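A short worksheet on the structure shown next.
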Amino acid sequence: MAALAALRRSWQVPAHCWKLSNTAARAANWQPCRGHRLSPSDDELYQKTTITILQKESPDMMFIDSYSTEGFVINGDKVIGPCVVLPRVILQWNVGSYKDISEESLALFHMLEPRIEILVLGTGDKVQRLDPAILKFMRQKGVAVEVQDTPNACATFNFLTSERRLAAAGLIPPFYVEKDVV
């Protein structure tokens, strides 16, 4: 009850505005009066958000932590050069530039089981145009392909992964990075 009193004092809400229950745990869940108006200091409390991480993300999800001209940091592991990021695996990718992306270099993505829904290709510093026949080939195999510059491809892959989509990424490090962090 002392915690409830301290909480009540910190919010400066009249006692009749609180819905009290029998347990102290439920007592912390209060309902403000409809007539209660927020003061500027109360509004500041709503704008400040803090987060405490209790556990790292699930080990079965791959996230791209950062990128640089040398490579990538994925789930804390440094990968040098172009790489393929699959739902549970990181592989080196044997391409030197976007010009090396072909049906053969993309064969892995359509042979995986369970099937990848979307492939995000990061082509380096800027979006490069790939041969339309390659994109058509992947579409016929049931894999959607999104071609972006590498910084945006990293962000897109992380977003798709956070939504628990079956996504893969083929990433080529950019030649120029203003800052070595995504």
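Tabulated data
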quantity: Members of segment 102-130 that are acidic (Asp, Glu) and either over 15 Å from residue 167 (Cα atoms) or buried (at least 16 other Cβ atoms within 10 Å of the Cβ) (or both); calculated: 103, 104, 125
quantity: Qualifying positions in segment 49-75 - at pLDDT 50 or above, assigned to a loop (DSSP other than H, G, I, E, B) and among the charged types (D, E, K, R); calculated: 60, 70
quantity: Condition check for residue 99: open to solvent by 80 Å² or more (accessible area, probe 1.4 Å), over 21 Å from the mean Cα position of the chain (by Cα) and at pLDDT 50 or above; calculated: yes
quantity: Number of the exception - residue 157 against (1) at pLDDT below 95; (2) buried (at least 16 other Cβ atoms within 10 Å of the Cβ); (3) not polar (S, T, N, Q); calculated: (1)
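The values are calculated or read from the model by the stated rules, or taken from the named source; none is laboratory data. Fair warning: this is a prediction, and the values are worked out from it, not measured in the lab. As a convention, Cβ positions derive from the backbone with ideal geometry for all residues, glycine included, and neighbour counts pool all protein chains shown. Calculation scope for accessible area: heavy atoms of the full protein, side chains included, ligands and nucleic acids excluded. Shrake-Rupley method; radii C 1.70, N 1.55, O 1.52, S 1.80 Å.
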